[in-house]
Ligand SMILES: Nc1ncnc2c1ncn2[C@@H]1O[C@H](COP(=O)(O)OP(=O)(O)OP(=O)(O)O)[C@@H](O)[C@H]1O
């Protein structure tokens, strides 16, 4: 994939200053790493290691400083030659490792590679990371057994290695692993640097002495400042020159970490020494300064890329490929929820129960309210069910989406369309089956009316699902999503006019927001908007239905619509329903795009 590129020779970062919420997290941090080297970033917890990796990978805004690759400022094209393995192993829990690697290869490797070449690339990585034995094991989660911690970490790294990046950034690769697994994993990373000429940059919390000796370069941070930066093998000499002596047989990494806790006089001297080294070596470095235009005025990572380059290289795969593979993965990940026997049982049994309650309802004056009640109930049922399902579906892949967006895996539009496509059966098949079942049992079986009503209930369910996705992406939290949606649906129900016919004038406007009202009104107009006769009761004087009071035997059905206080005509309601459906989906997309824009990887 990189054949057409010049090889990456070095990565240099200079004078990096990061401030978060007015707190200085990194202060004049600098460093240089060349291909074939493994650089470790060590330091006490909270010293700024992850922040530094976020900066180098272009995911954290900086107040000051610059990052260059081969002397060229970091830009989108160069960023694509880096891979960032996050500390957390965020992978789709229900897929097997083989499926995850296959998906990643299909989405991330360029379209011009054949499927065979992509498969070969996967095999190569699997063998490099020694993952052959667990290819058919599911990834797993805290609720479901799957890959072990070490396997999951290697799986995570493998996904990032598929594109054959030149710069590999890994945050805490050994956390949670036992010493032998940690050692093996670091051997893998060392081999990537040494044998494949990559630049490998990793933060390590507490390396063993065996692991320490694998590092070519070391960068020691304390409270956001550099205490040491240089060859790993020279670290102890520099420390001892400043009065910090490591006892024989003591783990050098432990010694370094113990020494830099707090800012003693000796550590302050080391910080000064590191700053001097920065002045003396790095600024005279011709590679670092070549093509370097200095820090951007606002201190942010400048993305120097031509429009043409961006257009042609922004995504490795087309929208269609991304949509297809995202739909495939989404289905695999959510199929137990989408094709759920519980869901089918709930829908059918509830359908039969409702159908039997309203069994073969006669067209008589006293049953008009029952039929309207049934239609109202069905609309409410298909408001709650798809909406709740969609709210539960969004947080399911929140972390995965944020991680993959930050790494530029795919277009957000491809993700959103795939999600809608995969979730669609819940909003199409189930309401359709349930509605037909209930209506046939209840005797609402006029073929013309029934077929149009089914379409309306499906549109309503799709709208409710869209609202669920919208609330899901707004809150990205199940509890908040469910709480808000319950209030929203219950208020929408109140404003239909079914429970309260006289709504106070100052609250009338809320009627327009009731999405339930549009669908319910349409169903009433379809069911009663014809001249099929309704039998009046004999009690003409006591009749509760106005049109029957004129001592007539029957009245046409449309008199129900005329007396129903519906102020928008049938087509107006249909247009409003469809418009709402499109607008809600679009707002959901915009919120996902702009509210949850990935900035940092942590
Ligand atoms: N979004 C944020 N808001 C406020 N403070 C933050 C934020 N992100 C990071 N920090 C602070 O920045 C400092 C450096 O954090 P960072 O995660 O880079 O440290 P670290 O060395 O990677 O720590 P650890 O080894 O525990 O992962 C910490 O004090 C942290 O609390």
Legend entry - Sole exception among (1) touching a helix residue (DSSP H, G or I) at 6+ places or on another chain (Cβ under 6 Å); (2) at pLDDT 90 or above; (3) away from the ligand (no atom under 13 Å from the Cβ) for residue 102, by number: (1)
Legend entry - In segment 303-336, residue nearest to the chain's Cα centre (by Cα) [restricted to those that are at pLDDT below 85 and not in a helix (DSSP H, G or I)]: 315
Legend entry - The listed residue being in contact with a strand residue (DSSP E or B) (Cβ under 8 Å, 6 or more places away or on another chain) and away from the ligand (no atom under 15 Å from the Cβ), out of 216, 208: 216
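Being within 28 Å of the chain's Cα centre (by Cα), part of a loop (DSSP other than H, G, I, E, B) and more than 15 Å from the ligand (Cβ to nearest atom): is that true of residue 58 here? Steps first, answer last, please.
Working: within 28 Å of the chain's Cα centre (by Cα): yes; part of a loop (DSSP other than H, G, I, E, B): yes; more than 15 Å from the ligand (Cβ to nearest atom): yes.
When the stated conditions are applied, residue 58 passes them.
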Inset, instruction - Output the residues belonging to segment 347-398 that are modelled with pLDDT under 90 and either touching a strand residue (DSSP E or B) at 6+ places or on another chain (Cβ under 8 Å) or outside any helix (DSSP H, G or I) (or both). - result: 361, 362, 363, 364, 365, 368, 397
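Would it be correct to say that residue 477 is closer than 23 Å to residue 454 by Cα, surrounded by fewer than 19 Cβ atoms within 10 Å (Cβ to Cβ) and either over 52 Å from the mean Cα position of the chain (by Cα) or at pLDDT 75 or above (or both)?
Working: closer than 23 Å to residue 454 by Cα: no; surrounded by fewer than 19 Cβ atoms within 10 Å (Cβ to Cβ): yes; either over 52 Å from the mean Cα position of the chain (by Cα) or at pLDDT 75 or above (or both): yes.
Judged against the criteria, residue 477 is not a match.
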Inset, instruction - Considering each of 163, 174 in turn, give the residue that is within 16 Å of the ligand (Cβ to nearest atom), in contact with a helix residue (DSSP H, G or I) (Cβ under 7 Å, 6 or more places away or on another chain), modelled with pLDDT under 90 and farther than 30 Å from residue 276 by Cβ. - result: 174
Inset, instruction - With respect to residue 29, determine if the residue is within 15 Å of the ligand (Cβ to nearest atom) and touching a residue at least 24 places away in the same chain (Cβ under 8 Å). - result: yes
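Looking at segment 108-226, what strands (runs of 3 or more DSSP E) fall wholly within it and have at least 1 residues that are more than 29 Å from the chain's Cα centre (by Cα)? Spell out how you get there, then give the answer.
Numbers: elements: 167-171, 199-203, 217-222.
Per the criteria, 217-222.
So which helices (runs of 4 or more DSSP H) stay within segment 475-572 end to end and still have 1 or more residues that are within 26 Å of residue 447 (Cα to Cα)? Working first, answer last.
Values: elements: 478-494, 515-528, 558-562.
Once the helices (runs of 4 or more DSSP H) in segment 475-572 are filtered for at least 1 residues that are within 26 Å of residue 447 (Cα to Cα), what remains is 515-528, 558-562.
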Inset, instruction - Quick one: which residue in 125, 139, 107, 62 is in contact with a strand residue (DSSP E or B) (Cβ under 7 Å, 6 or more places away or on another chain) and surrounded by 18 or more Cβ atoms within 10 Å (Cβ to Cβ)? - result: 62
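Residues 24, 68, 50: which one is more than 23 Å from residue 415 (Cα to Cα), more than 16 Å from the ligand (Cβ to nearest atom) and in contact with a strand residue (DSSP E or B) (Cβ under 8 Å, 6 or more places away or on another chain)?
On the way: 24 fails: more than 16 Å from the ligand (Cβ to nearest atom); 50 fails: more than 16 Å from the ligand (Cβ to nearest atom).
Of 24, 68, 50, the one residue that is more than 23 Å from residue 415 (Cα to Cα), more than 16 Å from the ligand (Cβ to nearest atom) and in contact with a strand residue (DSSP E or B) (Cβ under 8 Å, 6 or more places away or on another chain) is 68.
Kindly check whether there is at least one residue in segment 73-83 that is within 16 Å of the ligand (Cβ to nearest atom), in contact with a strand residue (DSSP E or B) (Cβ under 6 Å, 6 or more places away or on another chain), touching a residue at least 40 places away in the same chain (Cβ under 8 Å) and closer than 23 Å to residue 186 by Cβ. Can you show your working first?
First, pick out the residues of segment 73-83 that are within 16 Å of the ligand (Cβ to nearest atom): none.
For segment 73-83, residues within 16 Å of the ligand (Cβ to nearest atom), in contact with a strand residue (DSSP E or B) (Cβ under 6 Å, 6 or more places away or on another chain), touching a residue at least 40 places away in the same chain (Cβ under 8 Å) and closer than 23 Å to residue 186 by Cβ: absent.
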Inset, instruction - May I ask you to verify whether residue 43 is more than 32 Å from the chain's Cα centre (by Cα) and either surrounded by 20 or more Cβ atoms within 10 Å (Cβ to Cβ) or modelled with pLDDT of 90 or more (or both)? - result: no
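The values are calculated or read from the model by the stated rules, or taken from the named source; none is laboratory data. The structure presented is a predicted model; accordingly, all values stated were derived computationally and were not measured. Neighbour counts run over all protein chains shown; Cβ positions are idealised from the backbone, glycine included.
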